[in-house]
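A quick write-up on the structure given underneath.
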């Protein structure tokens, strides 16, 4: 299935439109407040060369100053050289100093034991390896890990549990991918980073839309009506969405719900963590 399989003439430019200045100010304030109120001053971000991580970095720089944002580039030996070049360009544009950690040695050493591992398994391992590095850098520099997953990816489960989904705070998690593109154009980011085809760069030639099976603008539209507006199947059909496509997206959302929830704790006491014993993130600070 390719990204052109599910392209329909359903336009939701107005529904997905955002006030970029207002949203940018809210997210900059969110980062500044959530970092500082728990006693930190800096953040660490995995910079891939893509628009999501670039936008998170730009917002963090606006919130905390570029000197307090630590970008980590973590290429694998088959990663695109262009992606690393774009990540470096983002660092230069935002006046950040990058650290490069090649993950090839540890990933290859692990899969020497499992040479038949498929591409998906290897991709998940790379995503989790990168997150272990970010959390190590978090400890070394006393910096919180800032997330880069957008709402589209989170809803569809198009992300790796304890990999790119892991973070201390995530400024992009309530922005659909098309809204990320729009907001990215309101900050000082290189055009080539914003306009290139989205890719997790987990293997050569990897394309997000081809792997998902549909284009971001279309799936964002149905997700907005399905999730934000809670439209019924009949209403979605009346808006022009095919039943098969709606069911496919709904199955992806339902099937990945476990990724969006904290680990389940068996309840034995009167006050179980994350069920009855729940306090704000900054409780006690």
*Residue, surrounded by the fewest Cβ atoms within 10 Å (Cβ to Cβ), within the stretch 108-120, restricted to residues that are part of a helix (DSSP H, G or I) and at pLDDT 95 or above*: 109
_Members of the stretch 246-268 found to be in a loop (DSSP other than H, G, I, E, B) and surrounded by 10 or more Cβ atoms within 10 Å (Cβ to Cβ), listed by number_ = 256, 265, 267
_When residues of the stretch 227-245 are limited to those that are part of a helix (DSSP H, G or I) and in contact with a helix residue (DSSP H, G or I) (Cβ under 8 Å, 6 or more places away or on another chain), the one farthest from residue 212 (Cα to Cα)_ = 235
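Per-residue answers, yes or no, for (1) in contact (Cβ under 8 Å) with a residue 24 or more places away in the chain; (2) in contact with a helix residue (DSSP H, G or I) (Cβ under 7 Å, 6 or more places away or on another chain); (3) over 17 Å from residue 20 (Cβ atoms):
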site	(1), (2), (3)
132	no, no, yes
138	yes, no, yes
153	yes, no, yes
174	no, yes, no
186	yes, yes, no
191	no, no, no
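Residue-wise test of (1) out of contact with any helix residue (DSSP H, G or I) (no Cβ under 9 Å at 6 or more places or on another chain); (2) within 30 Å of residue 218 (Cα to Cα); (3) part of a strand (DSSP E or B); (4) at pLDDT below 95.
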site: 8; (1), (2), (3), (4): no, yes, no, yes
site: 13; (1), (2), (3), (4): no, yes, no, yes
site: 21; (1), (2), (3), (4): yes, yes, no, no
site: 32; (1), (2), (3), (4): no, no, no, no
site: 35; (1), (2), (3), (4): no, no, no, no
site: 52; (1), (2), (3), (4): no, yes, no, no
site: 63; (1), (2), (3), (4): no, no, no, no
site: 76; (1), (2), (3), (4): no, no, no, no
site: 83; (1), (2), (3), (4): yes, yes, no, yes
*Determine, yes or no, whether residue 70 is part of a helix (DSSP H, G or I) and in contact (Cβ under 8 Å) with a residue 12 or more places away in the chain.*
no
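The values are calculated or read from the model by the stated rules, or taken from the named source; none is laboratory data. It should be emphasised that the depicted structure is a prediction, and the values quoted were computed from it without experimental measurement. Don't worry about glycine lacking a Cβ; one is built from the backbone with ideal geometry, like all the others, and counts go over all protein chains shown.
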